[in-house]
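For reference, the structure discussed in these notes is given below.
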Amino acid sequence: MRRGLLGVLGILSLALASVLPGCGDPGQIVSVMPPGATPIRTVPEGQASEALGESAKLSGGAVPKGEPFPPAPPTAIGETKTLTGDVKYETLKEGTGEEVKSGRVAVVHYVGTLDDGTVFDSSRKRGAPANFTLGTGGLIKGWEYAIPGMKVGELRKIVIPPAMGYGAQEQRQIPPNSTLTFEVELVGVK
């Protein structure tokens, strides 16, 4: 019986010895990209071992949220810039206060108009600024792209094409497929 057990252990040892070499150093990583292609994402310098799963670090807390919408910095007065989705913006009055970023609450006064000049919404008419949390998906995409990067005191004109606004959906006073123009003043950041 003892001899049988030793035989089985010997066979297991040989089997493990033939499998374990495959668990060593991953060796050279071969690119599968066509010649001349530019990688969309590269491994940051000095972090190749983490990318290979060799030294991953676990954090004890929640995964931090990234900034989904990059800041749209103020323009020179009279200069128009174009963002993702053909959203256009222009600084009408420079701000000097705190910059609002994705994940923060923007306190704004705004007036929204259609191409024909019809005002469809205005916080100024209501007499109180509006509070919007940026980066949570609760706003039309045009605002999510054009508001981060504003500084308190800045007045910005934002032109939002239908695809970045309400699209084919009809809203209260907004016909389907409307281009929206907003004058937005950032009055605070929370």
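Please indicate, with yes or no, whether at least one residue in the range 165-181 is in contact with a strand residue (DSSP E or B) (Cβ under 9 Å, 6 or more places away or on another chain) and more than 16 Å from F120 (Cα to Cα).
Checked against the condition, which is being in contact with a strand residue (DSSP E or B) (Cβ under 9 Å, 6 or more places away or on another chain) and more than 16 Å from F120 (Cα to Cα), the range 165-181 yields no hits at all.
Which pairs do you get when a residue that is farther than 15 Å from F69 by Cβ, found in the range 81-93, comes within reach of a residue that is surrounded by 15 or more Cβ atoms within 10 Å (Cβ to Cβ) and at pLDDT below 95, reach meaning Cβ atoms under 6 angstrom, with the pair 6+ apart or on two chains?
Sorted first by the residue in the range 81-93, then by its partner, the pairs are E90/T75; T91/P74; T91/T75.
Consider the range 145-184. How many of its residues are on the phi < 0 side of the Ramachandran plot and part of a loop (DSSP other than H, G, I, E, B)?
Step one: list which residues in the range 145-184 are on the phi < 0 side of the Ramachandran plot, which gives 145-148, 150-152, 154-166, 168-176, 178-184.
Still in the running and part of a loop (DSSP other than H, G, I, E, B): 147-148, 150, 152, 154, 161, 165-166, 168-170, 172-173, 175-176, 178-179.
Summing the residues that are on the phi < 0 side of the Ramachandran plot and part of a loop (DSSP other than H, G, I, E, B) in the range 145-184 gives 17.
Looking at the range 129-139 only, could you name the residues that are under 23 Å from the mean Cα position of the chain (by Cα) and not in a strand (DSSP E or B)?
Answer for the range 129-139, where residues must be under 23 Å from the mean Cα position of the chain (by Cα) and not in a strand (DSSP E or B): L134, G135, T136, G137, G138, L139.
List the number of the failed condition for L114; all other conditions in (1) over 24 Å from the mean Cα position of the chain (by Cα); (2) free of Cβ contacts under 8 Å to residues at least 12 places away in the same chain; (3) surrounded by 15 or more Cβ atoms within 10 Å (Cβ to Cβ) hold.
(2)
Examine the range 121-128 for a residue that is surrounded by 17 or more Cβ atoms within 10 Å (Cβ to Cβ) and either at pLDDT below 95 or not in a helix (DSSP H, G or I) (or both), and state whether such a residue exists.
Yes, that holds for at least one residue.
In this structure, is G137 without any contact (Cβ under 8 Å) to a residue 60 or more places away in the chain, under 20 Å from A72 (Cβ atoms) and surrounded by 17 or more Cβ atoms within 10 Å (Cβ to Cβ)? Walk me through how you get there before you give the answer.
Working: without any contact (Cβ under 8 Å) to a residue 60 or more places away in the chain: yes; under 20 Å from A72 (Cβ atoms): yes; surrounded by 17 or more Cβ atoms within 10 Å (Cβ to Cβ): no.
When the stated conditions are applied, G137 does not pass them.
Every residue in the range 79-93 that is hydrophobic (A, V, I, L, M, F, W, C) and either in a strand (DSSP E or B) or loosely packed, with under 15 Cβ neighbours inside 10 Å (or both), please.
Filtering the range 79-93 down to residues hydrophobic (A, V, I, L, M, F, W, C) leaves 83, 87, 92.
The one that is hydrophobic (A, V, I, L, M, F, W, C) and either in a strand (DSSP E or B) or loosely packed, with under 15 Cβ neighbours inside 10 Å (or both): L92.
Does G142 meet the test of being in contact (Cβ under 8 Å) with a residue 12 or more places away in the chain, surrounded by 16 or more Cβ atoms within 10 Å (Cβ to Cβ) and part of a loop (DSSP other than H, G, I, E, B)?
Spelling it out, it is not the case that G142 is in contact (Cβ under 8 Å) with a residue 12 or more places away in the chain, surrounded by 16 or more Cβ atoms within 10 Å (Cβ to Cβ) and part of a loop (DSSP other than H, G, I, E, B).
Hey, any hits in the range 170-177 for a residue that's modelled with pLDDT of 95 or more, touching a Phe, Trp or Tyr at 6+ places or on another chain (Cβ under 8 Å) and of a type outside the set (F, W, Y)? It would help to see each step written out before you state the result.
Narrowing the range 170-177 to residues modelled with pLDDT of 95 or more: 174-177.
Add one more test, that the residue is touching a Phe, Trp or Tyr at 6+ places or on another chain (Cβ under 8 Å), and what stays is 174, 176.
With of a type outside the set (F, W, Y) added as a condition, the list becomes 174, 176.
Yes.
Inspect the range 159-167 for any residue being in contact with a Lys or Arg (Cβ under 7 Å, 6 or more places away or on another chain) and closer than 15 Å to V184 by Cα and give the result as yes or no.
Yes; the residues of the range 159-167 include at least one that is in contact with a Lys or Arg (Cβ under 7 Å, 6 or more places away or on another chain) and closer than 15 Å to V184 by Cα.
Yes/no matrix, rows are residues, columns are (1) assigned to a loop (DSSP other than H, G, I, E, B); (2) within 15 Å of L180 (Cβ to Cβ); (3) at pLDDT below 95:
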{"site": "I77", "(1), (2), (3)": "yes, no, yes"}
{"site": "G95", "(1), (2), (3)": "yes, no, no"}
{"site": "A106", "(1), (2), (3)": "no, no, no"}
{"site": "H109", "(1), (2), (3)": "no, no, no"}
{"site": "D116", "(1), (2), (3)": "yes, yes, no"}
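The values are calculated or read from the model by the stated rules, or taken from the named source; none is laboratory data. Keep in mind that what you see is a predicted model, and the values were worked out from it rather than measured. Please note: Cβ atoms are built from the backbone with ideal geometry, for glycine as well, and neighbour counts cover all protein chains shown.
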